[in-house]
DNA sequence: AACATTAACGCAAACGTTTGCGAAAGCTTC
DNA sequence: GAAGCTTTCGCAAACGTTTGCGTTAATGTT
């Protein structure tokens, strides 16, 4: 159906090996026939078959990107970062949503290996990923650092971020601070909670387990969790949310309850998603360089692909506290 | 390196054709050897090579998704829709951002064809796409309807949406209504503007070209455009923004200018992105069923892939006006 | 008992490239 | 003008599957 290398070889009465080489500007081919071949290729609207090429070269110029949920506003920017830098080098990227499910994550890894991607960028759910880190395929982890110690990763220091957020609230006079987080098993959630606990501890504040609640990394969860807490008449003057989506839900609950932010309750989030900076929201949060993380992860993956033996260093980015109006 | 079908055959002392058939549960193979083969495959950690398979079957179980910008909060949900329904059928999806550039769009289409995707879902920029609609590859257009009349599409009625939005403002007593849109060449922008004009016309309101401004489908553009308009001392009591991102920028400009929404200026957007429904924002807008659009487009594409001759009907979804607090 | 049928499997081609190696020219050099 | 070198190209194998067809042995039919 589609025109192949053989078709243009036949037309030009040369071997298809020559066509192949001419199209890729091999030095073995004379300028003369190169031009002839390229001209014919254009005329016949030849499109190289990457599948056939991949079979022999064992390179597909393709990478896989596994995210929990592209719908979480944190991820589109990192996805954009990886897609753009991958594309610059001629790579395509498979988008996979693990939906915060370990089984789906594993299924996607297997699928990507079957599809012979050259590498994988993975934002893992939990420690489960440890089990398949022995793969022969280059991989870089994004957003977690303890999961696969032997693999490369690019992360922000979640614990420090949690610490910064909580410390900020404490310095503003709060001592009854809630932590509203996502799935308990998720590494980043744990780390942020650790940071929270550390800040309380360092400031001599007693840990109150009733102030710590977890559900999902979604706005609805923040809404429900906070609503429930308010109805319980919880004694808190501030809340540190595990991510900005949760914070938005928290804000909504407080709003609906008729309380004022930050006067009655202060709130700080995590991620610095685009809506956090809207003047109407103005959410104090911990910023992650999302796009940059995507770029860095991809660059790192590409060097690993091109040079499998090369031992590159992982990257830990430092989180930044961005103070806006929900906390002060 | 990786274990192949031949390795299994060698170990079991049978032909690799038999292994291939056994693994795919061909009826020609006895239950006995099927089990033996599958057992060996599992033991040897065999992973089928989708590249090799694709070369002979001419099916890659892969589709391409070309979006203008995954960073626009409208798209992650449609992306999720296509990814999920594609995955259910065993398909993977390539994510491509055209960045609202025709050249990138074209380059991606060529790339996807080279990679032998089984089909493409395209959210096109402009009419340029007309040029490559003769491809031999199944394609469904998302978000535009006039671009490739002979291709299948799933869209909402942009013109009607623009009409609904403008009419809503008019019914609330506004007659000086700005239109702040995205790229002028983009079909959906045009259509929405047409709807705007139609509503004005039907209500006997004179069209004022000075009230119509276009830039990009980004918040910054809305911000800049509105800021400029306010500084010019524009006489408008309402604005219809081409999408919600623009509307957010408009809101910001009004906010910074010290005016009140909707008392001083009413605004309505388009898309109903997640942040539009936040209580602090509460943006009146035209809703599109984003996730559903992704699902429908993918389903349509899959039937075209499985049955190329099948002539399926395109889908035009009706937009819905969602009245919130920025307009009333 | 002879033949036809069926079940189960092997052979080998094919998919569209890339690539190591060999071969045929053309060109130098003495 | 023979030897050697370069340039330019063709041959054929290889990548890991799928699949049409042929083959064998077992079973069924008369």
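Only the coordinates and a few stated rules stand behind these numbers; no lab work does. Note that the coordinates shown come from a computational prediction; the quantities given were computed from them, not determined experimentally. Glycine also receives a Cβ, built like all others from the backbone with ideal geometry; neighbour counts cover every protein chain displayed.
Per residue, how big is the convex hull of the protein assembly as shown when only Cα atoms are used? Give it in Å³.
Working: hull volume 123.1 nm³, N = 656.
Dividing the Cα hull volume of the protein assembly as shown by its residues yields 188 Å³.
For residue B:255 and residue B:35, what does the FRET efficiency come to when R0 = 60 Å and r is the distance between their Cβ atoms, rounded to the nearest 0.05? Each step should come with its number before you reach the end.
Working: r = 69 Å, r/R0 = 1.15.
Calculated transfer efficiency: 0.30.
Normalised Debye scattering of region A:172-226 at q = 0.13, 0.18, 0.30 Å⁻¹ gives log10 I(q)/I(0) of -0.33, -0.61, -1.22, counting only Cα atoms as equal scatterers and leaving out solvent. Computed over chain B, the per-residue total of -39500 (n - 2.57) for DSSP H runs of n ≥ 4 gives a 222 nm mean residue ellipticity of -13000 deg cm²/dmol, rounded to 500.
In nanometers and ordered shortest first, the copy-to-copy spacing of the residue B:209 label point, defined 7 Å from Cα toward Cβ, is 7.2.
Is the shape of region A:1-123 best called rounded, prolate or oblate, per the rule: a/c under 1.5 gives rounded, else a/b larger than b/c gives prolate, else oblate, with a ≥ b ≥ c the square roots of the Cα gyration tensor eigenvalues? Please list the in-between numbers first.
Numbers: a/c = 3.36, a/b = 2.65, b/c = 1.27.
It is prolate, given that a/c is not under 1.5 and a/b is the larger ratio.
Rg and Dmax of chain A, based on Cα coordinates, read 25.4, 86 Å. Sorted from closest to farthest, the other copies place their residue B:255 label points 1.1 nm away, with each point set 7 Å from Cα along Cα→Cβ.
Fewest-first ordering of B:323, B:250 by other beta carbons within 10 Å of each residue's beta carbon gives B:323, B:250. Summarising the label geometry, the points placed 7 Å from Cα in the beta-carbon direction at residue A:6 and residue A:84 lie 4.3 nm from one another.
Strictly greater than 19 Å: what percent of every Cα pair in region B:245-311 meets that?
Cα-Cα pairs of region B:245-311 separated by over 19 Å account for 50 percent.
Residue A:102 label point (Cα plus 7 Å toward Cβ) to equivalent points in the other copies: 5.2 nm, shortest first. Between residue A:228 and residue A:323, the C-beta separation translates, for a Förster distance of 30 Å, into a calculated FRET efficiency of about 0.60.
The length gained on full extension between residue A:184 and residue A:212, counted as 0.36 nm times the residue separation minus their Cα-Cα distance, comes to 9.0 nm. Counted over region B:158-287 with a bin width of 5 Å, the fraction of Cα pairs per bin, in whole percents, is 2, 12, 25, 27, 22, 10, 2. Legend: calculated FRET efficiency, residue B:307 to residue A:202, from the Cβ-Cβ distance at R0 = 56 Å, rounded to 0.05, equals 0.30.
Note on region B:210-256 and region A:181-231: Cα centroid distance 39 Å, given to the nearest whole angstrom.
Legend: translational diffusion of region A:5-48 by Stokes-Einstein, Rh = Kirkwood radius over C-alpha pairs, 10 °C, 1.306 mPa s; D = 160 µm²/s.
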